[in-house]
Every structure is written in C-alpha cells, then in structure tokens.
1. Can you grab the distance from the C-alpha centre of region 50-68 to the C-alpha centre of region 524-568, Å, no decimals?
2. Contour minus end-to-end for Leu265 and Leu335, with contour as 0.36 nm per residue of separation and end-to-end as the Cα-Cα distance?
3. Pulled fully out, how much extra length does the chain show between Ser274 and Asp648, if you take 0.36 nm times their separation in residues and subtract their Cα-Cα distance?
4. Could I have the simple spin-label model distance between Arg527 and Lys36, label points 7 Å from Cα toward Cβ, reported in nm to one decimal?
5. With r defined as the distance between the Cβ atoms of Asp479 and Tyr93 and R0 fixed at 56 Å, what FRET efficiency is calculated, to the nearest 0.05?
6. Magnitude of the Cβ-charge dipole of region 568-660, K/R +1 and D/E -1, about the Cα centre, nearest 20 debye?
7. Quick check: residue separation of Lys673 and Leu168 times 0.36 nm, minus the Cα distance between them. What number comes out in nm?
8. Nearest 5 percent is fine: what portion of the DSSP beta bridges confined to region 5-117 is antiparallel?
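Derivation of every value follows stated rules applied to the coordinates shown; laboratory data play no part. Values in this document were obtained by computation on a predicted structure and should not be read as measured data. Virtual Cβ from ideal backbone geometry, glycine too; neighbours counted across all protein chains shown.
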Amino acid sequence: MFEIKAKDGKARVGVLKTNHGDVKTPNLMPVIHPRKQTIDVGKYGADIVITNAYLIYKNEDLKEKALENGLHDLINFDGPVMTDSGSFQLSVYGDIEITNKEVIEFQEAIGTDIGTSLDIPTAPYVTREQAEGDMEITLERAREAISYVKDNDYDMMINSVVQGSTFLDLREKCAEELSKLDADLYPIGAVVPLMEQYQYKDVVDVVMHSMKHLPDDTARHLMGAGHPMVFALAVAMGCDLFDSAAYILYAEDDRFLTTRGTIKLENLNEMPCSCEVCCKYTPDDLRAMDKEERVNLIAQHNLHVSFAELRLIRQAIYEGSLMELVEERCRAHPLLLDALRCLGDYSDDIEVYEPRSKKSAFFYTGPESLKRAEVTRHLNKMRARKTKKNLVVLAGNRKPYSKFINKDYKKFYLYSLDEDNLTEEELSKFEDGIPEGFDLNIKDENTDYLVFDIPFCLIPLELDEVYPLSQNEAPKINDEIAVEFARDFLVEYAEKYDNVLIHPRIVDLCELDYIDLYVDPERIKVRKNDLEKIKSIADYQFGDGAGEALFTGKIEIEKSKKTGKIRHIFDKKQNIVNMRASDSLLILSKLGAKRLYSCSEGMKNKVMISNSVESFARDGKSVFSKFIVDCDENMRSNDEVLIVNEEDELLAFGKALIGAKEMNDFSVGQAIKTRKGFKK
Ligand code: GUN
Ligand code: ZN
C-alpha cells in the first residue's frame, strides 16, 4: 500500500506500508550483503533495506537459517526488507540456477516484505530483437509471479520491473502491460550501466517513458541508482525509492559520496561534510587507519550524505521547491545538466502533475527554468486565450507590474510582422506618429495590455498577481537564451492582433523589426478596472466566459484596508467569491459555485462522483478518490472544483487535492476537500 502525502510536479512524499512498518518516501534502501555485512545501517538512518534472495538461496548455510528463523533475523534488521531476485546475477553471469516460481516461493518462505520476480535486465543499446524478446520474458514472469502470489494467498508485496533497454517504445509498452497487473511496486530496471557511464540523459528518457504508463498510486523504485547526486533529478521524474550498494562499494574503494560527486580519500584535504565521521576525523586520520575501520567510517559518511539528501528532497517537495533543488544539483556535472535539459522535453508530462499554486515562489536559475511546467502551462493558457483587437506590450518593471508601470517612455513603436503590409502612401501618413483617425483605437475595451518579462514572457496586466506570474524571481541581467525564448513567444502571440504597440525597451532588447513610427504614450492610458481584472482572473482560472457568468448583478468589490488588494466580491450583499491573498486566485462561495456551474459545459471545472455518496457531498464531507466517476481533464491539484452527481446535478464544491490524472488512477485517499455542500 502506498499513500501520497505531498506533491511537487511528478515528485511525491509518500508512505509505503509494509508488514514491518511504514516507510516515508522518497527513501533509500541500503543493500545488505547477507554474508559480509558489517555495518549496522539501521543505526545510520535506514528505514528499509534490500538484500538478495538468490545469494541466500545459493548458500546452504544462509538458506537454512533464513528458512528457519526468517530473513529479518538473518540480516538482523527488524524494519521492512525488500529482496531482489537474482536478476542482477543473471545479467552479470548470464545464467542462474533458479526458476521464477522458485524464487517467488523462496522469498515468501523466508518472510520478505517485498519480493521481486525474475526479470531480465537488458543492457543498453542492444538489438531491438533482443530487447523485445527479453521484455516479453520479463512480462511473462511478472504475470506468473503475481498470479502465483494471489493464488497462494501470499502475504508478500511484489515488485514488477520495467525493462525494455534503451528502446523507449518498449519501455512504454512494458510499463503499460505491467500496470494491468496490480503489482505493489514498479521498479525501473537496467539503468545501472547507463549510470556507470554517466549517460544521465538516457536515464531521463528511459525513466520518463516508463513513467508514462505507471499508475500514480504505486511506488516506483529506480533500481541500482545509489549516488546522492542523482536523487533529486530521479525524484522529480516520479521515483520514490532507491537502493544503494554504492555506500559500501565506494567506501571499499576509499571514495566519499557527496551531492556534487565523488571524492577519493587520497585527494581529500578537508572532510567533505559535517556528519559524525567528518567532524571527528581528519583525512590524515583516515589514511593512517587500517582498511576495515576506514571502510566502515567512510560507509557511515556515505549513508549519512545519502539520507541527508533525501531529507532535503522531501522538505523541498513539501515546500514546492524541488525543481530549484534539481536545477542546483544538475549543475554538479555537465552530463547531469544534459539530463536536466532533456527533462525539459517532458514539460507537458510534468505539467499534468504540477499543482496550480504553491507556497513557494518560482525561481529562475538559468535557461533550463524556461522548460519548467509552470512556464509551459502559462504559455499554453496564453495561446488559448481570447484576444482583443490591439495589443500593447509594456516593459516589466517591479512586481506587481500594474503598480509600477513604467512611465518613462516617450513613444511606443508600432510593431509589424510584415512591413510590406503597408503601402508607401500609408506609411507616409505615419511620419508624425500614428495619425488621428487611423484605425488604432487604443481604448481599454479593445486593447490587451501585456507585460513582457522573463520567464513568463507575456503577462496580462490584470493577472499580474496570480500565481506564479507575480510569485517568481529572475535575475535582472537577462541571458540571451531567455530573451530569445520570450521574443519568439511574443512574435508568435502578436500574430493574433491587428495592431501591436511595443515599448521601446522591448523592441531594443528583442531586436524586433518594427515600423519606425510611434504612438504618443498619452494615447496608451492603462486604466485600472477592478471588474475587468476579476473577470480576467476568472477566465484564466476557470476558462473563457467564467468572468461574465460569475460577476453579474450589482457587483461590489471589497479590498483589504491594509494592502489595498481585492479580498471579497459580492452581488448586492451576497458573497460570490473571495480572492486568496497568497496567489490571487478566486475561492468560490455558494453563489459563485452556482454561477460557475451555470456556465460550465460538459465536465469543465467538475468532478462527477458516484450517486452512492451524494448525501455525503451534500453534507460537506470530503470526497475520496474511489468514488470519482469522471472529472475535467484539465483539473490540477489546488483547483476550485464543482462536485456533481451522475446526473450532473451540483452537489457541492471544494478544492482538488490531486490532479485529473491521479483522480483516475487512485483508489484510496482524499481527492477533494469539500468546502460546502448544497443540502436537498
Ligand atoms: N538491480 C539493478 N538493476 C536491476 C534490474 O534491472 N533488475 C533487478 N531485478 N535488479 C536490479
Ligand atoms: Zn561526512
């Protein structure tokens, strides 16, 4: 059983429930050698460990002890234990002496908490025939293992490993087939050779394609990834568990793990962290020690660094700042930076999971940030937006932009995609600026005012306080890639307008072609209109038309005396919505919910629940995932949602705790925190 507590993009903090206790994820399972283990990993922070069932099976003495006293006794660990099946030995030695059924039976007999079927880890870059053949066997064995466990009523959780080598369609196919099996965990296999070769970019492709079809309510384990340098990136892709033989293998080779890479003891001038070992000893102390003592101490350090990184990652997920951590970590090695850039190609996949608003601001840390889900989402929203006749592009100043509109301009340029549009005669009329009577009616009702800034490119002035368009920071000194990115979007977006007027600073910054005629800025008066603003926010949040539907009647807008921000919106004395101060999004009240319902066609803004729980929703009780029949595919966590029954009657409204994709996948846990119900 796996339960999700917090999310940030595809990353989640979860709880994996086992017969030997609960495990917080993301987490690391130190590999325990059933014969040679000397270090007590539990003492250094391990909540769960992994060991190899095949190695135990192959050794008469270990096998006997394990069958008699159980696995936990054998390895002296009373928390959850996962076992691997011997597939790794298979991949190294080409052959092993156990069948799939035998290894499943054996894992159950020794009392493992989570067992693994005998998958085939196919190396990278093999022929397609080989990868496909291996994958079919892996799938068949996974099916066999699951039905064996079910038929015999085994009290053991089971791993079904995704294989497919570096063939991305095979990874997808394998994951899709496995997802039908209802396994307890989905490890992603055969990435060790890629990790060893620093082929992190390929790891991203392999993992993201595997992820496309793995159910969201199940934990995923990135097998054989034990270096803390890659944890944050892997977690951002949706991985929940790691295993580490690295902590001891590196220690045996006198190597210290750090989040920035690996350091050999011979090159160590200073101890690399502030763990107990690093505080107590100097590099010279360690070099003078006998090997066994030294290995133990370095292994302790390695475990400490790994667990510390996982704590940091979990904290970042709670905060909503995981991507900032990933961007930081991926600067530790150029090939990790490649991987981060590659992850940008999956922005649409990640966007589906990205909460609509978060506690933390968006930090731009470099051009890679332009591919983050928040930016992709905003640009897609802009592309779908209804436009007016004219566009005025203002220069981004301090935030919120509308408060600090740059008044220093002398002129605005008329931007044209195609100067040839205008005849010589027409052009000549412009010599002293835009002539009166020229059809460039810059009035609020037919003009969109957008602010140009990095990284969100174009921000409608009325939305300048909506998350994350205001809640973001970027350096004041622009980088070329970001400018080009924003420029390209501006050029694309400007095509939708008859007339485009651009602030000279933007014309210069972007080196835009323009008609060298200007508009007197006096004609561009940005009038602040609160009603227009709340309508725009409603349209952005709920879809075009929502603003008109919500704000009819005798609208009164109440502002905070302290901050001057809009807080409550009424029709006569009846509250329609409130505006949340932190993200300027609209929170529905009963009247608002009814009005939104009246303009929401099909499943838009809705979650449909089973009629069997209708009365609970009407009583204002929260909605659990398993009762969801259907929902708006554009729903994201933190969205305001309407709760309807199977006849599409409005029952209640509330806040989505998970996105549409997860609503379809999850069978346990809360999905909507209901705010109010409509009693019959
Ligand atoms: N350990 C590291 N990689 C793998 C893999 O692909 N399969 C199994 N079973 N164990 C692994
Ligand atoms: Zn240390």
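1. Centre-to-centre distance over Cα atoms comes out at 68 Å.
2. 22.8 nm
3. So the extension gain works out to 128.8 nm.
4. Once both label points are built, they end up 8.0 nm from each other.
5. Working: r = 50 Å, r/R0 = 0.90.
In this case the efficiency is close to 0.65.
6. Around 500 debye, computed over region 568-660.
7. 178.0 nm
8. Looking only at bridges with both residues in region 5-117, the antiparallel portion is about 55 percent.
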